[in-house]
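Each remark here refers to the structure printed beneath this line.
The values are calculated or read from the model by the stated rules, or taken from the named source; none is laboratory data. Remember, it's a predicted structure, so these values are computed and weren't measured experimentally. With ideal geometry, Cβ positions are generated from the backbone for all residues, glycine too; neighbour counts draw on all protein chains shown. Side chains are part of the model used for accessible areas, which takes the heavy atoms of the whole protein and leaves out ligands, DNA and RNA. Shrake-Rupley method; radii C 1.70, N 1.55, O 1.52, S 1.80 Å.
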Amino acid sequence: MDIIFYHPTFDAAWWLNALTTALPGARVREWQPGDNEHADYALVWHPPVEMLHGRELKAVFALGAGVDSILSKLKANPEMLPEHIPLFRLEDTGMGQQMQEYAVSQVLHWFRRFDDYQALKQQARWEPLPEYQHDEFTIGILGAGVLGSKVAEALRPWGFPLRCWSRSRKAWPGVESFAGKEELPAFLNNTRVLINLLPNTPETVGIINQTLINQLADNSYLLNLARGVHLNEEDLLSALESGKLKGAMLDVFSREPLPAESPLWAHPRVAMTPHVAAVTRPPEAVDYIAHTIGQLEAGNAVSGQVDRARGY
Ligand SMILES: NC(=O)C1=CN([C@@H]2O[C@H](COP(=O)(O)OP(=O)(O)OC[C@H]3O[C@@H](n4cnc5c(N)ncnc54)[C@H](OP(=O)(O)O)[C@@H]3O)[C@@H](O)[C@H]2O)C=CC1
Ligand SMILES: O=C(O)C(=O)CO
């Protein structure tokens with residue numbers, strides 16, 4: 001079996017070695033421009049079109065959870081990956097725990113008013129504030145997939161009312177499920193903390209805009225862990241200005257790296273991280289890919305295949 005690997009920043013030597021160990025007998029090579037030799041599987045992140053173009057692969061694995069960048073490249077170059085070649089993505093492989101850590105720590109930060117206390121500290125003010133109550137801190141998770149479900153699971157023990165929004169209905173203990181566009185207003189009504197874990201698709205681009213934010217509870221909070229294009233950054237700034245939103249924590253941005261002139265950098269009620277909410281954990285990713293290839297070779301059904309028509 002021949003496997004080609006391409007990632008713009010990962011340590012290819014480590015991956016080649018780990019994959020060879022996990023798949024004894026496989027010949028794994030780093031793809032280089034001009035390499036048109038046979039391959040059965042391709043492992044990629046932001047691949048050049050010429051790497052995949054014209055190959056009769058058994059499958060392609062995206063080395064991340066989101067496949068928006070590869071799907072948008074495919075839209076412009078459909079011949080890069082014909083429909084009959086399945087595209088897989090990483091399901092969890094350690095990202096679920098990272099999202100749990102991020103979401104729980106930020107929700108508790110807001111709930112315990114550490115943002116307010118930090119502002120008071122800057123004015124050298126010693127001032128105990130009224131406590132927030134759990135029942136006024138409804139948490140709404142946009143996107144109830146692999147990562148949204150992990151985040152809901154980690155928040156459950158803390159006693160906040162929890163709800164999620166997805167295309168299909170979920171039956172999770174302790175989480176109210178809202179499904180489809182028609183139930184979005186009910187999901188937003190009274191949501192105090194909005195956590196975004198949607199994929200980037202034509203239906204979800206720009207979804208967090210003024211209309212959506214206006215339906216949240218007053219003094220609400222936004223945690224964007226998914227993609228920058230989901231959020232209209234101008235509308236976010238207006239909502240912070242009007243007081244509708246009390247704070248935002250952003251991991252992803254419409255342009256990355258965030259340009260130096262962005263007003264988000266200096267905004268006192270915007271916290272941010274540079275797209276690190278959940279990164280690919282190589283050992284877990286190799287285990288998942290090796291297991292999936294083994295199942296495919298044996299003709300068994302596997303999960304993680306991207307539905308290209310759906311866009312995720
Ligand atoms: N910031 C970071 O570091 C990282 C960000 N991400 C981002 O997180 C995203 C989510 O990942 P993951 O949980 O694995 O993805 P999944 O595909 O498992 O879950 C996507 C969820 O979104 C729902 N959804 C999709 N489209 C719509 C729609 N139009 N209306 C309502 N719900 C919709 C799906 O509904 P249904 O269940 O009905 O299908 C599903 O519940 C990734 O696409 C990626 O962009 C991922 C990793 C790291
Ligand atoms: O896996 C993804 O989709 C990511 O955004 C990784 O940071």
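Reported count of residues in the range 199-215, each being in contact with a Leu (Cβ under 8 Å, 6 or more places away or on another chain), among the aliphatic types (A, V, I, L, M) and open to solvent by 10 Å² or more (accessible area, probe 1.4 Å), is 1. Among the residues of the range 168-198, the ones that are closer than 14 Å to residue 139 by Cβ, among the aliphatic types (A, V, I, L, M) and either away from ligand 2 (no atom under 16 Å from the Cβ) or open to solvent by 20 Å² or more (accessible area, probe 1.4 Å) (or both) come to 5 in all.
Among the residues in the range 200-218, are any within 16 Å of ligand 2 (Cβ to nearest atom), within 22 Å of residue 106 (Cα to Cα) and either among the acidic types (Asp, Glu) or in a loop (DSSP other than H, G, I, E, B) (or both)? No, the conditions are met nowhere in the range 200-218.
Just give me the residues in the range 58-78 being buried (at least 20 other Cβ atoms within 10 Å of the Cβ), without any contact (Cβ under 8 Å) to a residue 40 or more places away in the chain and part of a loop (DSSP other than H, G, I, E, B), in sequence order. Correct list: empty.
Close Cβ contacts (under 6 Å, 6 or more residues apart or on different chains) running from residues in the range 241-270 that are within 18 Å of residue 207 (Cβ to Cβ) and in contact (Cβ under 8 Å) with a residue 60 or more places away in the chain to residues that are within 16 Å of ligand 2 (Cβ to nearest atom) and open to solvent by 20 Å² or more (accessible area, probe 1.4 Å) comprise 251/273; 251/275.
When you go through 33, 48, 8 one by one, which is the residue that is open to solvent by 60 Å² or more (accessible area, probe 1.4 Å) and more than 16 Å from ligand 2 (Cβ to nearest atom)? Talk me through it step by step, then tell me what you get.
Working: 48 fails: open to solvent by 60 Å² or more (accessible area, probe 1.4 Å); 8 fails: more than 16 Å from ligand 2 (Cβ to nearest atom).
Testing whether each residue is open to solvent by 60 Å² or more (accessible area, probe 1.4 Å) and more than 16 Å from ligand 2 (Cβ to nearest atom) leaves just 33.
Checked against the criterion of being away from ligand 1 (no atom under 14 Å from the Cβ), open to solvent by less than 50 Å² (accessible area, probe 1.4 Å) and either of a type in the set (Val, Ile, Thr) or in contact (Cβ under 8 Å) with a residue 60 or more places away in the chain (or both), the candidates 280, 273, 292 yield just one match: 292. Within the range 133-150, restricting attention to residues that are farther than 22 Å from residue 206 by Cβ and under 14 Å from the mean Cα position of the chain (by Cα), the residue that is nearest to ligand 2 (Cβ to nearest atom) is 146. Could you go through the range 247-258 and let me know if any residue there is open to solvent by 20 Å² or more (accessible area, probe 1.4 Å), over 30 Å from residue 306 (Cα atoms) and of a type outside the set (Ser, Thr, Tyr). Checked against the condition, which is being open to solvent by 20 Å² or more (accessible area, probe 1.4 Å), over 30 Å from residue 306 (Cα atoms) and of a type outside the set (Ser, Thr, Tyr), the range 247-258 yields no hits at all.
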